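Shown next, in structure tokens, is the structure this report addresses.
The values are calculated or read from the model by the stated rules, or taken from the named source; none is laboratory data. None of the values given here were measured: they were computed from a predicted structure. All Cβ positions, even for glycine, are placed from backbone atoms using ideal geometry, and neighbour counts span all protein chains on display.
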Amino acid sequence: MAQETMIGIIGGSGVYEIEGLEQAAWQGVDTPWGPPSDAILTGVLGGVKMAFLPRHGRGHVHSPTTVPYRANIDALKRLGVTDVISVSACGSFREEMAPGDFVIVDQFIDRTFAREKSFFGTGCVAHVSVAHPTCPRLSAACLEAARAEGITVHDGGTYLAMEGPQFSTVAESKMYREQWGCDVIGMTNMPEAKLAREAELCYASVAMITDYDSWHPDHGAVDISEIIATLTGNAEKARALVARLPGLLGEGRALCAHSCDRALEYAILTAPEARDRALVAKLDAVAGRVLQPPH
């Protein structure tokens, strides 16, 4: 049975400034997990509903650690979003992945430690699989959109998610690159991708390279002024990529062939009679499909 597509974009400044967005309006959304990073810009592009959430808030008020990841994903799900595309800046560990290039991430190593990483917990325990943390169908659409715009894009890559807000030491950068085999490094895709899976949302990550991190012998320490200059150019390309997605994804969608939208099917372990009523109530949007309040 076809479902109405609603594309959710989580990105930085500029990404939500999409030409041709009809019925555009900023909406505040209340969630049981607190307020999201900002109001959410909703509208219609090419006949497809879209929602844009600035991850750090307009004016960049949230650090990577203080981004309200649970509230953001809950708010998007509550609005009816079906497919989430993360657009974020990153550093590169690969010579061939140069500043200005995009990477369609397909794997993560999560090194964050100061963030709430699950909607579930005491009173309602669930374990979802994130073996393949991004949706191949949605990632393929992002890849096609990037290529159509002439963007230099790399199909697949491992993203090291660090806590931040400081950038890596040289020793860390070399370890992530040489011993761990990572391709790019960023601060925001975790726990975002894990939470999207718990909320049964298809998730794709478009990583926009701004620098070579500190491992590169000719690059030296990360220069924030150079990053901002590259980020500006990347944002323009990202807006062009996003504008192509409605035409690629279409107004209606079947069930995800990779079961992203059924991730909770067998994930909840707590018996119905033992579930915490207050927590179950908070899970109404993200897990309402499979959770029934205990009687």
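Yes/no per residue for (1) outside any helix (DSSP H, G or I); (2) more than 16 Å from residue 106 (Cβ to Cβ); (3) modelled with pLDDT of 95 or more:
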position	(1), (2), (3)
131	yes, no, yes
167	yes, yes, no
181	yes, no, yes
200	yes, yes, yes
Original post:
Only one of 241, 245, 231, 279 is in a helix (DSSP H, G or I), farther than 18 Å from residue 78 by Cα and either out of contact with any helix residue (DSSP H, G or I) (no Cβ under 7 Å at 6 or more places or on another chain) or modelled with pLDDT under 95 (or both); which?
Top reply: 231
**OP:** Go through (1) over 18 Å from the mean Cα position of the chain (by Cα); (2) under 17 Å from residue 96 (Cβ atoms); (3) in a helix (DSSP H, G or I); (4) touching a residue at least 40 places away in the same chain (Cβ under 8 Å) one by one and return the number of the condition residue 151 breaks.
**Re:** (3)
Original post:
Does the stretch 76-87 contain any residue that is surrounded by fewer than 22 Cβ atoms within 10 Å (Cβ to Cβ), within 17 Å of residue 165 (Cα to Cα) and touching a helix residue (DSSP H, G or I) at 6+ places or on another chain (Cβ under 8 Å)?
Top reply: no
Original post:
How many of the residues making up the stretch 252-273 are free of Cβ contacts under 8 Å to residues at least 12 places away in the same chain and farther than 18 Å from residue 4 by Cα?
Top reply: 2
**OP:** Report yes if residue 62 is touching a Ser or Thr at 6+ places or on another chain (Cβ under 9 Å), free of Cβ contacts under 8 Å to residues at least 40 places away in the same chain and within 29 Å of residue 283 (Cα to Cα), otherwise no.
**Re:** yes
